[in-house]
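Only one structure is covered here, and it is reproduced in the block below.
The values are calculated or read from the model by the stated rules, or taken from the named source; none is laboratory data. Note that this is a predicted model, so its numbers are computed, not measured. Reconstructed Cβ throughout: ideal geometry from the backbone, glycine too, with neighbour counts over all protein chains shown. Calculation scope for accessible area: heavy atoms of the full protein, side chains included, ligands and nucleic acids excluded. Shrake-Rupley method; radii C 1.70, N 1.55, O 1.52, S 1.80 Å.
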Amino acid sequence: MNPGVRLASGTARHKVALGKSSQLTAIFRRMYKPQAPMVTPEAVIRVLNKAKVKFVLMGTHGIGGWRSEPRATQDVDVLVLKSHHRKAVAAVKRAFPDLDVQDLPAVTRFLDPADGKPVIDLMRPQDELYQEVFKNPVRVGRTHFVPNLEAALACKYAAMISPNRTTDKKLLDAADFVSMATTNYDEIDRELLFSLGEMVKNGDGGKILKRIEDAQAGRSFQI
(Lines give C-alpha, C1' and ligand atoms only; values in the text may rest on other atoms or scores of the structure.)
Protein backbone atom coordinates (compact mmCIF):
# COMPACT_ATOMS: atom_id res chain seq x y z
CA MET A 1 0.00 0.00 0.00
CA ASN A 2 1.12 3.51 -0.74
CA PRO A 3 -0.48 5.95 1.71
CA GLY A 4 1.75 8.86 0.77
CA VAL A 5 -0.64 11.14 -1.10
CA ARG A 6 -3.24 11.77 1.57
CA LEU A 7 -1.48 11.35 4.87
CA ALA A 8 -1.55 14.69 6.63
CA SER A 9 -4.89 16.37 5.98
CA GLY A 10 -7.47 13.84 7.15
CA THR A 11 -5.64 11.70 9.70
CA ALA A 12 -6.94 13.46 12.81
CA ARG A 13 -10.56 13.59 11.74
CA HIS A 14 -10.58 9.91 10.79
CA LYS A 15 -9.23 9.02 14.22
CA VAL A 16 -11.83 11.17 16.00
CA ALA A 17 -14.64 9.88 13.77
CA LEU A 18 -13.75 6.26 14.55
CA GLY A 19 -13.89 6.96 18.28
CA LYS A 20 -17.28 8.65 17.97
CA SER A 21 -18.86 6.00 15.73
CA SER A 22 -17.58 3.32 18.10
CA GLN A 23 -19.10 5.13 21.09
CA LEU A 24 -22.42 5.61 19.31
CA THR A 25 -22.53 1.93 18.37
CA ALA A 26 -21.78 0.88 21.96
CA ILE A 27 -24.61 3.10 23.25
CA PHE A 28 -26.99 1.63 20.66
CA ARG A 29 -26.11 -1.91 21.68
CA ARG A 30 -26.51 -1.23 25.40
CA MET A 31 -29.92 0.32 24.78
CA TYR A 32 -31.41 -2.07 22.24
CA LYS A 33 -29.26 -5.24 22.20
CA PRO A 34 -27.73 -5.60 25.67
CA GLN A 35 -27.07 -9.31 25.17
CA ALA A 36 -25.24 -8.82 21.85
CA PRO A 37 -21.48 -9.37 21.71
CA MET A 38 -19.71 -6.05 22.38
CA VAL A 39 -17.36 -6.11 19.40
CA THR A 40 -15.69 -2.77 18.73
CA PRO A 41 -13.77 -1.68 15.61
CA GLU A 42 -10.77 -0.93 17.83
CA ALA A 43 -10.75 -4.53 19.08
CA VAL A 44 -10.93 -5.93 15.53
CA ILE A 45 -8.11 -3.62 14.46
CA ARG A 46 -5.93 -4.84 17.34
CA VAL A 47 -6.61 -8.48 16.48
CA LEU A 48 -5.72 -8.03 12.81
CA ASN A 49 -2.61 -5.98 13.55
CA LYS A 50 -1.39 -8.61 16.02
CA ALA A 51 -1.85 -11.24 13.29
CA LYS A 52 0.06 -9.00 10.83
CA VAL A 53 -2.90 -8.82 8.45
CA LYS A 54 -2.97 -6.08 5.80
CA PHE A 55 -6.42 -4.53 5.72
CA VAL A 56 -8.47 -1.39 5.13
CA LEU A 57 -11.28 -0.47 7.53
CA MET A 58 -14.45 -0.07 5.47
CA GLY A 59 -18.13 0.58 6.10
CA THR A 60 -19.42 3.23 8.48
CA HIS A 61 -16.39 3.05 10.76
CA GLY A 62 -14.07 3.49 7.77
CA ILE A 63 -15.81 6.44 6.11
CA GLY A 64 -16.82 8.43 9.20
CA GLY A 65 -14.02 10.92 8.70
CA TRP A 66 -15.29 11.75 5.22
CA ARG A 67 -18.86 12.38 6.44
CA SER A 68 -20.07 15.62 8.02
CA GLU A 69 -20.42 13.60 11.24
CA PRO A 70 -19.99 9.92 12.14
CA ARG A 71 -22.92 7.58 12.81
CA ALA A 72 -23.54 4.24 14.49
CA THR A 73 -23.50 0.85 12.77
CA GLN A 74 -24.04 -2.72 13.91
CA ASP A 75 -21.00 -4.34 12.32
CA VAL A 76 -17.32 -3.85 11.55
CA ASP A 77 -16.42 -4.13 7.85
CA VAL A 78 -12.83 -4.86 6.90
CA LEU A 79 -11.32 -5.34 3.43
CA VAL A 80 -8.53 -7.88 3.77
CA LEU A 81 -5.65 -8.44 1.37
CA LYS A 82 -6.49 -11.60 -0.57
CA SER A 83 -3.39 -13.52 0.51
CA HIS A 84 -4.05 -12.61 4.17
CA HIS A 85 -7.71 -13.62 4.31
CA ARG A 86 -7.16 -17.06 5.80
CA LYS A 87 -5.02 -15.83 8.68
CA ALA A 88 -7.44 -12.94 9.28
CA VAL A 89 -10.30 -15.42 9.67
CA ALA A 90 -8.23 -17.58 12.03
CA ALA A 91 -7.27 -14.59 14.17
CA VAL A 92 -10.83 -13.33 14.48
CA LYS A 93 -12.08 -16.84 15.32
CA ARG A 94 -9.57 -17.04 18.18
CA ALA A 95 -10.45 -13.58 19.47
CA PHE A 96 -14.24 -13.97 19.23
CA PRO A 97 -14.96 -17.70 19.63
CA ASP A 98 -18.65 -17.18 20.49
CA LEU A 99 -19.54 -15.76 17.08
CA ASP A 100 -20.96 -17.97 14.35
CA VAL A 101 -19.08 -18.05 11.04
CA GLN A 102 -20.54 -17.88 7.54
CA ASP A 103 -18.10 -18.18 4.64
CA LEU A 104 -19.38 -16.66 1.39
CA PRO A 105 -17.55 -16.04 -1.92
CA ALA A 106 -17.08 -12.31 -1.29
CA VAL A 107 -16.93 -12.20 2.51
CA THR A 108 -16.44 -14.23 5.66
CA ARG A 109 -19.09 -13.14 8.15
CA PHE A 110 -19.01 -13.44 11.91
CA LEU A 111 -22.58 -13.48 13.20
CA ASP A 112 -24.31 -12.78 16.48
CA PRO A 113 -25.59 -16.26 17.47
CA ALA A 114 -28.69 -14.71 19.05
CA ASP A 115 -30.14 -13.14 15.90
CA GLY A 116 -27.81 -14.22 13.07
CA LYS A 117 -26.89 -10.63 12.16
CA PRO A 118 -23.33 -9.78 11.02
CA VAL A 119 -20.97 -8.40 13.66
CA ILE A 120 -17.71 -8.57 11.66
CA ASP A 121 -17.34 -8.82 7.87
CA LEU A 122 -13.94 -9.81 6.47
CA MET A 123 -14.30 -8.83 2.82
CA ARG A 124 -12.36 -10.28 -0.09
CA PRO A 125 -11.14 -7.78 -2.74
CA GLN A 126 -12.54 -9.74 -5.67
CA ASP A 127 -13.80 -6.84 -7.79
CA GLU A 128 -11.46 -4.37 -9.48
CA LEU A 129 -12.88 -1.51 -7.41
CA TYR A 130 -12.01 -3.17 -4.11
CA GLN A 131 -8.55 -4.06 -5.37
CA GLU A 132 -8.13 -0.35 -6.13
CA VAL A 133 -8.93 0.52 -2.50
CA PHE A 134 -5.57 -0.95 -1.47
CA LYS A 135 -3.56 1.21 -3.88
CA ASN A 136 -3.79 4.57 -2.10
CA PRO A 137 -5.61 4.38 1.24
CA VAL A 138 -5.37 6.94 4.04
CA ARG A 139 -3.30 5.99 7.07
CA VAL A 140 -4.96 6.64 10.43
CA GLY A 141 -2.16 6.95 12.98
CA ARG A 142 -0.15 3.77 13.39
CA THR A 143 -3.10 1.41 13.59
CA HIS A 144 -4.94 1.12 10.29
CA PHE A 145 -5.96 2.48 6.89
CA VAL A 146 -9.29 3.77 5.57
CA PRO A 147 -10.30 4.25 1.91
CA ASN A 148 -9.42 7.53 0.28
CA LEU A 149 -12.26 9.93 -0.52
CA GLU A 150 -12.86 8.83 -4.10
CA ALA A 151 -12.75 5.12 -3.20
CA ALA A 152 -15.17 5.71 -0.32
CA LEU A 153 -17.58 7.50 -2.66
CA ALA A 154 -17.29 4.81 -5.33
CA CYS A 155 -17.87 1.98 -2.84
CA LYS A 156 -20.98 3.72 -1.51
CA TYR A 157 -22.19 4.32 -5.05
CA ALA A 158 -21.67 0.62 -5.84
CA ALA A 159 -23.71 -0.37 -2.78
CA MET A 160 -26.38 2.19 -3.60
CA ILE A 161 -27.06 0.77 -7.07
CA SER A 162 -26.58 -2.91 -6.20
CA PRO A 163 -29.59 -5.07 -7.16
CA ASN A 164 -28.81 -7.35 -4.22
CA ARG A 165 -29.09 -4.70 -1.49
CA THR A 166 -32.28 -3.95 0.42
CA THR A 167 -33.97 -0.56 0.13
CA ASP A 168 -33.39 0.41 3.77
CA LYS A 169 -29.64 -0.13 3.39
CA LYS A 170 -29.59 1.71 0.07
CA LEU A 171 -31.15 4.72 1.75
CA LEU A 172 -28.35 4.70 4.34
CA ASP A 173 -25.82 4.37 1.50
CA ALA A 174 -27.38 7.38 -0.24
CA ALA A 175 -27.20 9.43 2.96
CA ASP A 176 -23.53 8.50 3.39
CA PHE A 177 -22.81 9.38 -0.24
CA VAL A 178 -24.50 12.79 0.01
CA SER A 179 -22.76 13.60 3.29
CA MET A 180 -19.32 12.72 1.89
CA ALA A 181 -19.96 14.51 -1.41
CA THR A 182 -21.15 17.77 0.12
CA THR A 183 -18.61 17.81 2.96
CA ASN A 184 -15.65 17.31 0.61
CA TYR A 185 -17.05 18.74 -2.63
CA ASP A 186 -14.03 20.90 -3.50
CA GLU A 187 -11.52 18.15 -2.67
CA ILE A 188 -12.89 15.41 -4.93
CA ASP A 189 -10.58 14.27 -7.72
CA ARG A 190 -13.15 14.07 -10.54
CA GLU A 191 -10.87 12.23 -12.94
CA LEU A 192 -10.11 9.53 -10.39
CA LEU A 193 -13.75 9.25 -9.34
CA PHE A 194 -14.79 8.86 -12.98
CA SER A 195 -12.38 5.95 -13.42
CA LEU A 196 -13.62 4.30 -10.22
CA GLY A 197 -17.21 4.74 -11.39
CA GLU A 198 -16.30 2.88 -14.57
CA MET A 199 -15.00 0.05 -12.39
CA VAL A 200 -18.35 -0.14 -10.61
CA LYS A 201 -20.18 -0.46 -13.91
CA ASN A 202 -19.11 0.24 -17.47
CA GLY A 203 -20.56 3.62 -18.42
CA ASP A 204 -21.18 4.79 -14.85
CA GLY A 205 -18.20 7.17 -14.62
CA GLY A 206 -20.36 10.06 -15.76
CA LYS A 207 -23.27 8.93 -13.61
CA ILE A 208 -21.30 9.01 -10.38
CA LEU A 209 -20.05 12.52 -11.21
CA LYS A 210 -23.66 13.62 -11.82
CA ARG A 211 -24.61 12.21 -8.39
CA ILE A 212 -21.93 14.43 -6.86
CA GLU A 213 -23.42 17.51 -8.53
CA ASP A 214 -26.96 16.47 -7.59
CA ALA A 215 -25.91 16.06 -3.96
CA GLN A 216 -24.21 19.45 -3.90
CA ALA A 217 -27.25 21.13 -5.46
CA GLY A 218 -29.65 19.43 -3.08
CA ARG A 219 -31.39 17.51 -5.85
CA SER A 220 -32.90 14.13 -5.05
CA PHE A 221 -31.93 11.06 -7.06
CA GLN A 222 -33.27 7.56 -7.42
CA ILE A 223 -31.60 4.59 -5.75
Self-check item: Assigned charges on the beta-carbon of Lys, Arg, Asp, Glu; the range 151-223 dipole about Cα centre (debye)
Solution: 340
Exercise. Round to the nearest 10 and report in Å² the accessible area of LEU99, as given by a 1.4 Å probe over the protein chains' heavy atoms.
Key: 20
Self-check item: Distance-filtered residues of the range 106-145 - backbone nitrogen under 18 Å, label point 7 angstrom along LYS201 Cα→Cβ
Solution: 127-130
Self-check item: the range 16-108, relative contact order in percent, only Cα pairs under 8 angstrom and at least six apart counted
Solution: 32
Self-check item: 10 Å binning of all Cα-Cα separations within the chain, expressed as whole percents from 0 upward
Solution: 8, 34, 39, 17, 2
Quiz item: Amide H to amide H, which residues 5 or more places from VAL119 or on other chains are under 5 Å from it, using H placed in the peptide plane?
Solution: PHE110, LEU111, ASP112
Quiz prompt | the range 71-223: relative contact order in percent, alpha carbon pairs under 8 Å with at least 6 residues between | solution = 16
Quiz item: So what is the relative contact order for the range 141-223, in percent, with contacts set as C-alpha pairs under 8 Å and at least six apart?
Solution: 31
Quiz item: Fully extended, how many nm does the chain gain between ALA26 and GLN222 (0.36 nm per residue separation, minus their Cα-Cα distance)?
Solution: 67.3 nm
Quiz prompt | Mean ellipticity per residue at 222 nm, deg cm²/dmol - from DSSP H runs of n ≥ 4 across the chain, formula -39500 (n - 2.57) | solution = -15000 deg cm²/dmol
Quiz prompt | the chain - charge dipole about Cα centre, Lys and Arg +1 at Cβ, Asp and Glu -1, debye rounded to 20 | solution = 760
Quiz item: For the range 93-209, what number of Lys pairs, 8 or more residues apart or on separate chains, have alpha-carbon atoms under 16 Å from each other?
Solution: 5
Self-check item: Sequence of MET31, MET199 when ordered by accessible area, the most exposed leading, probe 1.4 angstrom
Solution: MET31, MET199
Self-check item: For THR182, solvent-accessible area (1.4 Å; no DNA, RNA or ligand), Å²
Solution: 60
Quiz prompt | Sequence of SER21, SER68, SER162, SER220 from largest to smallest accessible area, 1.4 Å probe | solution = SER220, SER68, SER162, SER21
Self-check item: Carbon plus sulfur fraction of accessible area for the range 88-161, probe 1.4 Å, in percent
Solution: 48
Quiz item: Amide H to amide H under 5 Å from VAL138: which residues, 5+ apart in sequence or cross-chain, H placed 1.01 Å off N in plane?
Solution: VAL146, ASN148
Quiz item: Accessible area per residue, 1.4 Å probe, Å², for the range 8-80: what's the number?
Solution: 48
